[in-house]
Each structure stands twice: as C-alpha cells, then as structure tokens.
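S.K.: Dropping a structure here in structure tokens format, bear with me for questions.
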C-alpha cells in the first residue's frame with residue numbers, strides 16, 4: 001500500500017525516503033522510523049510511525065524534504081485542543097503540547113509548570129543599586145592613563161544617601177569593539193550576511209532582521225586588522241557620537257543615517273515602523289476587523305495575516321473564504337511574506353495582487369476583501385463581481401478609521417546604535433590588584449559599569465563585554481587614536497568598601513567636591529588666558 005495513516009497523519013510511502021528529519025524535528029518525540037529505514041525492500045516498506053504523544057502540530061509535514069507527509073486538519077476524539085498559539089495542538093490526556101508549556105489534565109488544558117514568583121530586592125538593596133547606577137563623574141574629559149599599570153586618571157569619592165560611593169574613570173582605547181546599527185524600517189536593505197561598505201571599503205555586514213528593524217554590524221577586531229582600519233574607526237566614532245554617515249549594502253540599499261533621526265533608504269526617508277506582524281494585528285484589532293469585510297489580508301514581509309483562516313477570525317465566527325494571500329503557508333492564517341518595496345515591505349504594490357489564488361466556488365457577488373498593511377499607511381477594499389473577479393472600490397469610513405488607528409500606533413522610523421566592546425585594560429590598575437576580581441565584581445553587580453554616564457548591559461560569560469545605547473549619551477563621548485582604537489568613556493561605580501577589598505589605591509581617592517572645584521578653577525584660568 002502506498003499510504004500509511006497513523007493517528008491523523010497521512011504518509012505517502014512512495015515518496016518517503018526514511019531520511020529521519022521528521023523524527024529528529026518532532027517537538028514531543030512522537031515519531032519513530034521502523035527498523036526497515038536502513039534496508040527497505042521497497043519504498044512502501046517502513047516509514048515513520050506516530051505514537052500517542054502526537055499532537056498534530058504538522059511540523060513534520062512542514063519539514064519533510066520529500067513532501068511525503070500531508071498536513072492534517074482533522075479533529076481527533078479523546079484529545080483537548082490548545083488555543084494558546086496558532087499551532088493549536090490536540091493533546092491526549094496526560095501529555096504535553098509541542099511547546100511543553102501546556103498539558104491535558106482531565107480534558108482541560110492547563111499550564112504544565114506552576115507559576116513562579118521572583119523575590120524582590122530589599123529596600124536597602126534597591127536603594128544601594130539606585131545610588132550606584134549613576135557615576136559621580138563621567139569619563140568624558142577625564143583623559144586616560146598609559147601604560148596600564150598606572151592608576152586611572154580620576155578616582156572620586158562621595159557619601160550619597162549614607163553610602164560611601166567611589167567612581168573610577170578612564171578614556172579607554174578599545175580595539176576589540178564594534179557598533180551595532182538598528183534601522184527601523186519595513187523596506188529591504190539587503191540580504192542577511194551581505195557586506196556593508198563605507199567610502200567603498202568593507203566595514204561590516206547585515207546581521208539579521210528584528211521586529212520591524214534591520215541590523216548592521218560595523219567594525220570588530222577582524223576589520224581592525226585591515227589596511228584601512230583608521231577609516232573604519234573614524235566611522236565608528238562618528239556613529240557613536242550621533243554624526244551623519246552613509247553606508248552601502250552589496251546588492252542592496254544605499255543608506256544615509258544618523259542616530260536619533262529617521263533613516264534615508266535609496267534617497268527616500270523612512271516612514272513608520274510596523275505595529276505588529278500581519279498575523280499579530282489580527283489579534284489586536286480582531287473585534288473591529290470582523291465587521292469590516294468578508295475577508296481581511298494584512299500584508300507583511302515577515303508574516304502576512306489571513307483573517308478568516310486564523311484562530312482569531314474563526315473564534316469570531318468567520319468561515320474560510322478559500323482565498324489565499326501572497327506568501328508561504330506557515331500555520332493557519334499565517335503566511336511567511338517575501339521582501340519588496342510595496343505594502344508592508346512586500347512586493348505587492350497593487351492591492352489586487354495581495355490575493356495569490358482563490359476558490360471560485362466560494363466567491364459570491366458583492367464579497368468584500370479588505371487589504372491592509374502593518375504600519376497603517378495603506379488600505380484598499382476589493383469587491384467580487386458576478387463572474388467572481390475582484391475589483392477595487394472605495395474604502396468605507398470605518399476601515400479608514402481603523403487604518404488611521406494603526407498608523408497612530410506605529411512609531412516613526414528611527415536609526416539607533418549600540419556600541420559594543422570589551423573593557424578592563426588601563427582602568428583595572430585603578431581598582432584591583434587582580435584583574436579577575438574586577439570582572440567578577442562587575443558580573444556580581446557590586447560594580448556598576450557605565451559609559452559617558454549611561455548604564456551598560458554586561459554580557460554574560462567571561463570578560464567585561466558590554467553594550468551601551470549611544471543615543472542616550474548627552475555629550476560627544478567618543479574619540480579615537482591611530483593605533484587604531486576607539487577611545488570609550490568608561491566608568492566603574494561601587495561602594496568604597498568594594499574598592500578597598502579589590503586592592504584599589506585608596507591614596508588616589510579624591511573628594512568629588514575637590515575635583516569639581518579644581519576643574520572649575522582650571523577652566524576659568526584657560527578662559528581668562530584665551531581672552
């Protein structure tokens with residue numbers, strides 16, 4: 001027999017090659033290949049078998065390279081259906097769903113784990129963390145110390161709300177550093193991994209696409225080894241100091257950018273950031289969408305939403321219209337979109353093209369299909385004629401009002417950047433006799449790391465590797481030296497007792513008031529001499 005049916009999954013054994021992909025991928029371990037998978041007398045011999053654990057998530061059908069497993073839409077008796085995500089697992093009593101978060105207990109879908117309650121900091125711990133989160137002085141204008149064994153240039157102390165606080169600062173040259181640029185846009189900028197150029201020199205690459213944004217990595221030690229490394233460093237400093245810069249993606253877009261401003265892509269300014277993916281908007285505005293049309297397609301280059309087919313539409317009483325949008329089927333009502341310059345970052349520029357195919361037997365005269373996209377910039381209404389063909393008509397007032405709500409909820413496109421580096425170096429001698437003690441104190445939270453007064457996120461694992469939002473910096477905080485290296489303003493703030501425990505040079509500590517007075521006097525004298 002060419003077909004085998006176990007539970008509700010149908011396997012075409014003529015197509016099955018017993019590759020094992022379904023067995024490896026199954027999230028609940030419900031699939032096993034028979035012992036004939038190695039030595040099969042014919043294609044009809046062997047193949048996957050499905051146990052009672054199977055929840056009909058259809059992942060096996062999606063990943064099967066031979067397309068031997070058919071998608072199942074059947075309802076299985078003796079199971080409970082989980083509606084907590086679009087997969088809608090059908091779970092047998094005592095078993096868990098594909099995500100392992102939910103289980104069937106007595107015919108009811110329950111969470112598989114008890115609710116967890118984090119412990120709160122004590123009032124004293126919270127107050128101490130708050131006090132240490134802001135340095136006494138920034139490293140901007142502090143200078144640096146070279147070679148590394150000398151104490152840091154500024155080591156300030158002050159009593160803040162009853163806590164003896166110490167801040168040690170230095171302008172640290174960091175060769176191991178990079179800049180991660182985030183561009184809020186639905187517009188395509190280039191393939192992931194594509195090289196990025198500055199003044200015709202390769203300086204980084206497109207990394208990935210996040211929720212409504214594209215990411216570009218600039219710099220890093222391998223690019224620092226290039227002959228044009230000084231050009232790269234000046235670019236990184238310009239980005240971190242919120243100066244304008246231009247990039248070009250190989251095979252992609254030309255970008256004119258500045259942190260804190262809208263991106264310009266191929267000469268066109270960025271517009272709005274999407275509110276949610278196309279499928280996500282179905283849930284957010286479901287109650288409104290159900291009364292606007294017989295079908296709704298929300299175009300999105302990531303996940304296009306088809307309202308009637310998805311769980312939201314079916315819960316609200318819509319029947320599957322037989323209409324299918326552009327994109328690759330993912331789960332009911334969700335289609336992976338493709339990238340283009342049209343609506344929602346897709347190739348669709350004509351709303352009529354939003355419909356890829358439809359079942360004419362389900363189309364009736366006057367049937368209406370609303371086409372939206374995820375930033376609320378466009379809306380169109382289609383209507384079927386007596387022959388089953390769709391034509392554009394005026395968008396009703398209520399649909400226009402919804403589009404305006406979506407547009408109001410979408411944020412302006414923005415360029416932002418994270419400076420990413422690894423520090424320690426010249427500042428360590430100002431605080432610790434043993435460098436690893438400083439690293440441990442930073443990871444333990446006993447020392448707060450800031451750059452230019454802005455808190456940094458310290459990455460887990462070894463070393464002091466961090467990310468900081470340069471858009472929050474008040475000053476032109478970064479410079480560079482032709483080593484080459486970016487000079488970053490590093491501040492370590494801690495309790496005085498921590499400073500002493502780490503072996504910091506207590507004789508170098510100075511009262512914050514003294515440092516302020518000396519700085520004021522110095523610049524008054526310079527101003528007088530200049531006049």
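S.K.: Give me the Å³ per residue figure for the convex hull around the C-alpha atoms of the chain.
M.R.: Dividing the Cα hull volume of the chain by its residues yields 239 Å³.
S.K.: List 9, 236, 392, 381 from most exposed to least, where exposure is judged by having the fewest other Cβ atoms within 10 Å.
M.R.: In order of increasing Cβ crowding within 10 Å: 392, 381, 9, 236.
S.K.: By count of other Cβ within 10 Å, fewest leading, how are 126, 245 ordered?
M.R.: Least to most surrounded, the residues fall as 126, 245.
S.K.: Please compute the modelled spin-label separation between residue 394 and residue 518, points set 7 Å along Cα→Cβ, answer in nm with one decimal.
M.R.: It is 7.7 nm.
S.K.: Related question: Work out the FRET efficiency for residue 457 and residue 404 from their Cβ-Cβ distance, taking R0 = 30 Å, and round it to the nearest 0.05.
M.R.: 0.25
S.K.: With N residues in segment 486-531, what two-decimal value do you get for its Cα radius of gyration over 2.2 N^0.38 Å?
M.R.: Ratio of Rg to 2.2 N^0.38 Å for segment 486-531: 1.64.
S.K.: Let me ask something additional. Counting pairwise Cα distances across segment 52-109, what percent come out greater than 20 angstrom?
M.R.: Of all Cα-Cα distances in segment 52-109, 24 percent exceed 20 Å.
S.K.: In whole Å, how far is the Cα centre of segment 432-473 from that of segment 293-336?
M.R.: Comparing the Cα centres of segment 432-473 and segment 293-336, I get a distance of 46 Å.
S.K.: Calculated from DSSP H runs of 4 or more alone, at -39500 (n - 2.57) each and per residue, what is the 222 nm mean residue ellipticity of the chain, nearest 500? Intermediate results must be reported in sequence, preceding the final value.
M.R.: On the way: 13 runs with 104 residues, N = 531.
Counting only the DSSP helices, I get -5500 deg cm²/dmol.
S.K.: Can you bin segment 278-409 into rounded, prolate or oblate? Criterion: square roots of the alpha carbon gyration tensor eigenvalues sorted a ≥ b ≥ c, rounded for a/c under 1.5, prolate for a/b above b/c, oblate for the rest.
M.R.: rounded
S.K.: Relative to the longest principal axis of the C-alpha atoms of the chain, give the angle of the C-alpha long axis of helix 397-409, reported between 0 and 90° and rounded to the nearest 10°.
M.R.: On a 0 to 90 degree scale, this one is about 30.
S.K.: In addition: Report, as a whole number in µm² per second, the diffusion coefficient that Stokes-Einstein gives for segment 335-458 at 37 °C and 0.692 mPa s using the Kirkwood radius over alpha carbon pairs.
M.R.: Diffusion coefficient, whole number: 166 µm²/s.
Read the figures in this text as sums done on the coordinates, not as results from a lab. All values reported here derive from a predicted model rather than from experimental measurement. So basically every Cβ, Gly included, is an ideal-geometry build from the backbone, and we count neighbours across all protein chains shown.
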